[in-house]
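*Asks:* This is the structure I want to talk about, given as C-alpha cells.
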Amino acid sequence: QWYQRRVLEVNVYKTKRSEMADLRAEVGVLARTADILQNQYNEVKQTIAQMEKERGIAGYTDTQDQLEMISATKGETDEKKGKILEDMSDMSDKLNQMIAEKKAALAPIIKELRPLRSKCNELEHLHTQKKTEYDSLSASLGSNLHTLEQEVRSLRETAQSDESRHHFLMHAKQLLEASQQKIDEELGVYKNQDPAVRKSSLREQYNRKIQEQDNLGKTLRAKQKTVREQHAPNVTQMAMWRDLQQLLSTKEAILRKSKEAELGNENILIL
C-alpha cells in the first residue's frame with residue numbers, strides 16, 4: 001500500500017512538472033504579448049493625451065484609468081484573497097488527510113514499537129548493570145594481573161639466578177671430579193711397587209724437576225762466583241786493550257801522514 005501510494009505520488013509529481021513546463025512556456029508567450037500590448041497602449045495613450053490637450057481636458061484619461069485601475073486592483077485583491085483562502089483551506093484539508101493517513105499507517109508500527117521500547121529500556125538497564133560489573137571485574141583483574149606479573153618477573157629472575165648457579169656448580173663439580181680422578185690416578189701410581197711405573201707419577205716428575213732446578217741453580221751460582229772473581233782482571237784487561245787500540249790508531253795516523261808527506265816531496269823532485 002505504501003509503495004503504491006509512493007508510485008501514485010511520483011506520477012502526480014511528473015504530471016505537475018509537465019504542466020509547470022507548459023505553463024512556463026505559456027508565460028513566456030504571454031509576457032511577449034503583454035510587452036507588445038503595452039507598447040501599443042503607450043502609443044494610444046500618447047495620442048489620447050494629445051487629443052485631450054487640444055480640447056482642453058488634459059489628464060482626463062489618466063484620472064479615469066487610475067479609478068478603473070483602483071477598482072480593478074480591489075477586485076483582483078479580493079479575488080486573490082478568496083483564492084488564497086480556498087487554497088489554504090484545501091491545503092489544510094490535504095494536510096489533515098495526509099496526517100490521518102500517516103497516523104493510520106504508523107499506528108501498527110507504533111503498537112509494535114511499544115513493547116520493543118519497553119524491552120529496549122530493560123536491555124539498556126541490563127547493559128548498564130553488566131557494564132558496571134564488567135568495569136569492576138576488569139579493575140580487579142587488572143590489579144591481580146599487575147600483582148601476578150610482578151610475581152612472575154620475580155620468579156623468572158630467581159629461576160635465572162638458580163640456573164646460573166646450577167651451571168656454575170655443575171662446572172665446579174666436573175672440575176673437582178677431574179681433579180679427584182687425577183689424584184686417584186696419582187695415588188695408584190705412587191702406591192705401585194714397580195719403579196718404572198712410579199717414575200711416571202707426578203710426584204716423581206716434580207721431584208726430578210725440583211732436583212734439576214736445584215742443580216741448575218748451583219751451576220749458575222758457581223758461574224756467578226767465577227764471573228765475580230774474574231771481573232776485576234777482565235776490567236783491567238779491557239782497559240789495556242782499549243789503550244792498545246788507541247795507540248795503534250795513533251801510529252796508523254802518523255804513518256799515513258808520513259807517507260803523504262813523502263809522496264809530496266817526490267812530486268816536487270819530479271817537477
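The values are calculated or read from the model by the stated rules, or taken from the named source; none is laboratory data. The model shown is predicted, which means the values in this text are computed figures rather than measured ones. Glycine gets a Cβ as well: all are built from the backbone with ideal geometry, and neighbour counts include every protein chain shown. Note: accessible area is taken over every heavy atom of the protein model, side chains too, but ligands, DNA and RNA are not part of it. Shrake-Rupley method; radii C 1.70, N 1.55, O 1.52, S 1.80 Å.
*Asks:* Could you list, in sequence order, all residues of segment 212-271 that are at pLDDT 80 or above and of a type in the set (Asp, Glu)?
*Replies:* Answer for segment 212-271, where residues must be at pLDDT 80 or above and of a type in the set (Asp, Glu): Glu212, Asp214, Asp243, Glu252.
*Asks:* Moving to a separate point now. Could you list all residues from segment 126-147 that are among the aliphatic types (A, V, I, L, M) and either open to solvent by less than 90 Å² (accessible area, probe 1.4 Å) or touching a residue at least 24 places away in the same chain (Cβ under 8 Å) (or both)?
*Replies:* Leu126, Ala139, listed by residue number.
*Asks:* Does Glu112 meet the test of being at pLDDT 80 or above, part of a helix (DSSP H, G or I) and either under 25 Å from Arg5 (Cα atoms) or not hydrophobic (A, V, I, L, M, F, W, C) (or both)?
*Replies:* So Glu112 does not fit the description; no.
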